[in-house]
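Take a look at the structure set out below.
Any read-out appearing in this document is the output of simple, stated calculations on the displayed coordinates, not a laboratory observation. The shown structure was predicted, so the numbers you read here are calculated from the model rather than taken from an experiment. All Cβ positions, even for glycine, are placed from backbone atoms using ideal geometry, and neighbour counts span all protein chains on display.
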Amino acid sequence: MRGIVEVRFHGRGGQGVVTASRLLAEAALLEGKKVQSFPAFGAEREGAPIKAFTRISEAPIYIRSQIYTPNIVVVLDPTVIRSERVTEGLKDDGWLIVNTIKDPEVLKEELDAKAKIATVNATSIALELLGAPRVNTPILGTLVKSTRLVKLDSVISIIKSTFKGKVADMNIKAVERAYQETKIKGV
Amino acid sequence: METWEEVTFAGYILEPGNAESYKTGDWRSRQKPVINQEKCTFCLLCWIYCPDGAIIRKEGEVEIDYYHCKGCGICAYECPSGAIRMRSEMEGE
Amino acid sequence: MMARKVLALNGDEAAAYAVKQCKPDVIAAYPITPQTIIVERLSDFVADGELDAEFIAVESEHSAMSACIGASAMGARAYTATASQGLALMYEMLFVASSFRLPIVMSVANRALNSPLNIWNDMSDTMGARDCGWIQIYNENSQEVYDFTIQAFRIAEDHRVLLPVMVCHDGFVVSHSTEGVEVLSDGEVDSFLPPRDPVYPLDVEKPVTIGCVGVPEYYPEIKYQQEVATKKSIETIKEILREFNESFGRSYGIVEEYRTDGAEVALLTIGSISGTAKEAVDEMRAEGKPVGLLKLRLFRPFPIEALRKSLSGLKVVGVVDRHISFGSCMGGALNMEVRAALYEMKDRPHVMGFPTGLGGRDIRVEHFLKIIDELLMIAEQDALEEEYKVVGCRGPGCIGP
C-alpha cells in the first residue's frame, strides 16, 4: 500500500461521481502512473448517496478492496454530509475537497476535521457554464489546485478526449474556473 | 468394437447418409406387406405414406424394400385398391 | 519497437476490446449485470462498423449458447458472455458445447447466485459449472482479462485442444474497475491468432452428423476421449502461454508464485482477491513472517503437477475459495481439489480452506492478516483443527466482517 494515494468521492447518483473518479484516474494514467478507479458497487440509483474510489501510484497496484482510509475525500454534493460520514477514515494529513458555498474554516469546524480543507462553489460554476449542476469536472479543478495530485493539463487533456466540441470546451472552462476560485484554509 | 482412440472425433458421424446401411428390415417381427401387382393402379399413395421410404418406384409398378421395411402396415392401410396385404412373416414369399 | 498503447479500461471493456481484435464471426449474447458492459461495447463495435461480426441479440442465455454452438459447428469463431443466473440458464448447453468440442470463447463476470438476490461478486456461478468440460481461466485484473481473452481463442481453436474456454473475471471488482491496460496492435493480435481452421465444419458439400445418439456401447469411449483431450490441453495451454509471453513481453504462468522463496505458509488464491492478499503477504513479510502466495490461473484443467511442485516444502496452505460448495467436506471446490491433489504427496502441507467474500462482501488486507495468523498457528502446532472457516461473515465459527 506504500506509495498509493487513495481518493474517495462522495455524491449522489446522477451527479457523475463515477465519472469524476475515472477522469482523475485517466489523467494520472496519462502521466504514466498506475491507477484504479471503481464505484462502490451497488444498484445505480439516481439521487441516492454513492461513492467512488481512485487509487494512484508509481508502482503497480495490487489491492482491490474498497478504500477505508483515504488520503483525499472529495464531496460533490454538500447535502450528503448530512447522511454520510464523509470524513470517516480520512488521514489527518489528508485533504477534504468540498463543493459548497461555505468557507473552509467554517466547514473544518462543523466537521471537526483534522485534514486540510479546500472548498469551491462548483454548483454555481457548473450552472453558469454547463447549464446543469454537473460538478464532476469543476471539482477536479479544485482537487488539482489543492492537492497537486495530477497536473491541470492532464485533466484538460482527458476532458478533451472524453467529451466533444463545445461540451469539452465548457467543461475545461469549468475546471479552470474552479481551479482559480478554490478556497484553501489558511491560504 | 472401437476403443476411445479409434472412435471418431467426439463421436461425429463422418460418412454422410450411412443410416441407409442400417438394416431396419430386421425389426419386422410379425408381418410384412406383399403387393399384388394385378390390383396395383400405380397411384403411389403407399410411396407417399411409407414413413421409412421403403417403397421403391419402378417403371409402372412399385416394390417393397424389405431391407428397410419395418412392417408397420401403413401402406396396406392406405392402399385404395387393396393391392397391398400384410402377410405373416412366417409365410413363404 | 514502438511503445504499446495503454488504455484506461475496466475488466468488461478490456474483454470487449480484446474480442474485437480477435474478430469473431458471431456474437450471441444476452446482457446481465455485471457483464453488461461487454455486450454494450461489442454491439457498439458492430453497429459502428468497427467489427464485422453477426451480432445476435438473443432472448435468453440458453439461446445465446445454442446460437454459439450452431455458429461454431458451422466453422465460425463464436463468442458470448454471461454471469450468474445467465450461466445457470445456459447449463445444459455448456455440456453440449464441450462435448461437440467446439472452440467457443465465453467471458464470465463472476457473480453470486440467487437467493437472496445478489448482483455482486463471488464464484458460485463458474465453480458450479466446473464439471461442464470447459477450460476455465480466472483473471486478477483488466490486463489479465485482455491478455487471456486473446489467448483463449488461440487455446480453444488449437487442433490439439478444440474445447470451449471460459475467461472469468470478478464482477464489479474487475468488471467495473478502470485500470491502465497495455493493448496489442491489431497486427500483433492477427499474428498471434490466425483465422479459425475448423476441423469438421457443417458443410452441405461434405456432410457430417454432430450430436447423434451415443448408445452405452459408444458413450464411454467418446467421453474418455474428451477427458483425455481436456487433461492433455494443459501442455498446449503452457506452450501458447510461453509464446504469448515471448511475443509480447509478459510473464504469465499457469500458477503464479508471489514471494514464495523461503515461505513456510502460503495463501492459495484465485481471481481478483489475489491482489489484496498480496498486500497482506507484503505486510507479513515486512514483519519477517515466512509467508507467500500462489495464484491459480487455470482451474480446468486442474494444474495438478504445477501445484504439487509449488506447494511441496510448505508447512501450511490456506486455500481461499470464493464460494461455498454446500454440504461438501471442505467448504469450497478449490479447497477440495487442492487437498485431493496433495493426498498422495509424501510431505504434504496442512491445507485449510477459507471461503471468502461471498456475494460481494468486501475483503480487506486485515482479513488476510487474520487468515495468515491462523496459518502460522497451524504451522506451529503442526495440526489442523478445522477443515475450513468462512471469512467475512458475522457470527461464531467465522472470521468477522
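About its Cα centre, the stretch C:255-381 has a charge dipole of approximately 360 debye under the convention of +1 per Lys or Arg Cβ and -1 per Asp or Glu Cβ, with nothing else charged. What is the Cα radius of gyration of chain A over 2.2 N^0.38 Å, N being its residue count? For chain A, the normalised Cα radius of gyration is 0.93.
Normalising the average separation of contacting C-alpha pairs (under 8 angstrom, six or more residues apart) by the number of residues puts the relative contact order of chain C at 15 percent.
What do you get for trypsin sites (Lys or Arg not before Pro) in the stretch A:19-85 restricted to DSSP loop and a cutoff of at most 11 other Cβ within 10 Å of the site's Cβ? Answer in residue order: A:Arg45, A:Arg85.
Shown for C:Asp203, C:Asp373, C:Asp170: other C-beta atoms within 10 Å of each C-beta, ranked fewest to most, produce the order C:Asp203, C:Asp373, C:Asp170.
The stretch C:1-51 and the stretch C:123-186 have their alpha-carbon centroids 13 Å apart. When only alpha carbons are used to place a centre, the stretch C:386-401 and the stretch C:325-385 end up 12 Å from one another. Take every pair of alpha-carbon atoms less than 8 Å apart whose residues are at least six positions apart; their mean separation over the length of the stretch A:120-164 yields a relative contact order of 24 percent. Only beta bridges with both residues in the stretch C:255-381 are counted; by DSSP, about 20 percent of them are antiparallel. Across the stretch B:24-88, the relative contact order, built from alpha-carbon pairs under 8 Å that are at least six residues apart, equals 50 percent. Could you pull out every one of the lysines with an alpha carbon less than 23 Å from that of A:Lys51, ignoring same-chain neighbours closer than 8 positions? List returned: A:Lys33, A:Lys34, A:Lys91, A:Lys102, A:Lys108, A:Lys114, A:Lys116, A:Lys145.
Kindly state, to the nearest 0.05, the FRET efficiency for B:Glu5 paired with C:Arg308, given R0 = 30 Å and r defined as their beta-carbon distance. E between B:Glu5 and C:Arg308, to the nearest 0.05, is 0.60. Kindly express, to the nearest 10 degrees and within the range 0 to 90, the angle between helix C:273-286's C-alpha long axis and the longest C-alpha principal axis of chain C. Rounded to the nearest ten degrees, it is 30. Backbone geometry of the stretch A:147-162 corresponds, through the Karplus equation with coefficients 6.51, -1.76 and 1.60 at θ = phi - 60°, to 3J(HN,Hα) couplings of 9, 6, 5, 9, 7, 4, 4, 5, 5, 4, 4, 5, 4, 4, 7, 8 Hz, x marking Gly and Pro. Counting every pair of alpha carbons in the protein assembly as shown, the share spaced more than 51 Å apart comes to 25 percent.
Note on A:Ile101 and A:Ser83: the extension gain reaches 4.6 nm, defined as 0.36 nm multiplied by sequence separation minus the Cα-Cα distance. Placing +1 on the Cβ of every Lys and Arg and -1 on the Cβ of every Asp and Glu, with nothing else charged, gives chain C a dipole about its Cα centre of roughly 560 debye. Listed as lacking a disulfide-compatible partner in chain C: C:Cys22, C:Cys68, C:Cys132, C:Cys168, C:Cys212, C:Cys329, by the criterion of no other cysteine Cβ under 4.7 Å. Loop-located trypsin sites (Lys or Arg not before Pro) across the stretch A:92-130 with a Cβ neighbour count of 11 or fewer within 10 Å are lacking, with loop assigned by DSSP. Taking a point 7 Å from the Cα of B:Arg28 along the Cα-to-Cβ direction, the residues of the stretch B:55-87 with backbone N closer than 13 Å to it are B:55-56, B:63-76, B:85-87.
In this simple spin-label model, placing a label point 7 Å from the Cα along the Cα-to-Cβ direction at both C:Glu235 and A:Thr69 gives a separation of 5.1 nm. Seen from all directions on average, chain C presents a Cα convex hull projection of 21.0 nm². Each principal axis of the Cα cloud of the stretch C:255-381 was evaluated for its coordinate range; sorted largest first, these ranges are 37, 35, 27 Å. Principal-axis analysis of the Cα atoms of chain C puts helix C:36-47 at an angle of about 30° to the longest axis.
Relative to the longest principal axis of the Cα atoms of chain C, the long axis of helix C:365-381 makes an angle of roughly 60 degrees. The mean number of partner chain beta-carbon atoms within 10 angstrom of a residue's beta-carbon across peptide C:172-184 is 5.
On the basis of the beta-carbon distance and an R0 of 45 Å, C:Phe326 and C:Glu246 show a calculated FRET efficiency of 0.55.
Between the DSSP loop rule and a limit of at most 10 other Cβ atoms within 10 Å, which GluC sites (Glu not before Pro) in the stretch C:350-401 are left? Of the GluC sites (Glu not before Pro), the ones in loops of the stretch C:350-401 whose Cβ has at most 10 other Cβ atoms within 10 Å are C:Glu385. Modelled this way, with points 7 Å down the Cα-to-C-beta line, the labels at B:Ser81 and C:Asp261 are 9.7 nm from one another. Legend: calculated FRET efficiency, C:Arg4 to B:Glu20, from the Cβ-Cβ distance at R0 = 51 Å, rounded to 0.05, equals 0.30.
In sequence order, the stretch C:72-87 has phi-based couplings of 5, 5, 6, x, 6, 8, 10, 9, 8, 8, 7, 6, 6, 4, x, 5 Hz under the Karplus curve 6.51 cos²θ - 1.76 cosθ + 1.60, θ = phi - 60°, and Gly or Pro positions carry x.
The phi torsions of the stretch C:226-243, fed into the Karplus equation with coefficients 6.51, -1.76 and 1.60 and a -60° offset, translate into couplings of 5, 4, 5, 4, 5, 4, 5, 4, 4, 5, 5, 4, 4, 4, 5, 4, 4, 4 Hz, rounded to whole numbers, with Gly and Pro shown as x. Close amide H partners of C:Asn10, meaning residues 5 or more places away or on another chain with modelled amide H under 5 Å apart, are C:Glu179.
With both residues required to sit in the stretch A:4-184, DSSP beta bridges show an antiparallel share near 55%.
Compute the Cα gyration tensor for the stretch C:151-222, then decide on rounded, prolate or oblate, letting a ≥ b ≥ c be the square roots of its eigenvalues: rounded whenever a/c is under 1.5, prolate when a/b is larger than b/c in the other cases, and oblate in all that remain. Oblate, because a/c is 1.5 or more while a/b does not exceed b/c.
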